[in-house]
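Worksheet for the structure shown next.
The values are calculated or read from the model by the stated rules, or taken from the named source; none is laboratory data. Not measured: the values here are computed from a predicted model. When we count neighbours, we look across all protein chains shown, and the Cβ atoms used for this are built from the backbone with ideal geometry, even at glycine. To get the accessible areas, we keep the full protein, side chains included, count just its heavy atoms, and leave off ligands, DNA and RNA. Shrake-Rupley method; radii C 1.70, N 1.55, O 1.52, S 1.80 Å.
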Amino acid sequence: MPMIVWSNQFSVGVQEVDKQHQVLVGILNRLGTALNGQVSGVDNRQVIDELVQYTVYHFGTEERLMREISYAGIVRHVHEHQAFVKQVSQMVTQLDHGQGPSLVELLLFLRDWLVSHILHSDRDMGDALNLAGIR
Ligand SMILES: [Fe+2]
């Protein structure tokens, strides 16, 4: 069962950002399906690395767009990104050492953070980008 079903409620009104969010959701769902045992032979650790790498790339895109319009909320938004990357790296390191969260816990954390971040911070950013004519 997919963990996140993409719908228009996740759209922030900016094509480039929406596309990247869809890729992130796709990677998350791939991991979710593997953990549900519906697909075997998936290297979960590799998918997590892929997810982290794509997330960092995606944050870079958002931060470039925010700079382009001198977005008032950029400092707070970038701080959220940095705190997330830091927390996820710590969780992955703990996971690698057999401590801390399970893979499922990590996945749920990633899912919940992503959904809440898209629906609040990214949507506010999308509104500002739209006002500046970026769609
Ligand atoms: Fe963001």
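Below is a table of values for the structure above.
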quantity	calculated
Residue within segment 18-27 that is closer than 18 Å to Ala128 by Cα, within 14 Å of the chain's Cα centre (by Cα) and outside any helix (DSSP H, G or I) present	no
Matching entry among Met91, Met66 (being open to solvent by less than 50 Å² (accessible area, probe 1.4 Å) and within 15 Å of the ligand (Cβ to nearest atom))	Met66
Within segment 97-109, considering residues that are open to solvent by less than 60 Å² (accessible area, probe 1.4 Å) and either of a type in the set (S, T, N, Q) or assigned to a helix (DSSP H, G or I) (or both), the one nearest to the ligand (Cβ to nearest atom)	Phe109
Output for segment 45-63, where each listed residue is more than 13 Å from the ligand (Cβ to nearest atom), within 19 Å of Asp18 (Cα to Cα) and among the β-branched types (Val, Ile, Thr)	Val52
Residue in segment 36-44 that is within 16 Å of the ligand (Cβ to nearest atom) and either open to solvent by less than 80 Å² (accessible area, probe 1.4 Å) or in contact with a helix residue (DSSP H, G or I) (Cβ under 6 Å, 6 or more places away or on another chain) (or both) present	no
Candidate set: segment 110-135, residues that are open to solvent by less than 70 Å² (accessible area, probe 1.4 Å) and away from the ligand (no atom under 16 Å from the Cβ); chosen: the one farthest from His77 (Cα to Cα)	Gly133
Members of segment 58-104 found to be free of Cβ contacts under 8 Å to residues at least 60 places away in the same chain and acidic (Asp, Glu), listed by number	Glu63, Glu80, Asp96
Counted residues, segment 4-57 - those being among the aromatic types (Phe, Trp, Tyr) and touching a residue at least 60 places away in the same chain (Cβ under 8 Å)	1
Cβ pairs under 6 Å, 6+ apart, first in segment 114-130 and free of Cβ contacts under 8 Å to residues at least 24 places away in the same chain, second in a helix (DSSP H, G or I) and near the ligand (Cβ under 10 Å from one of its atoms)	none
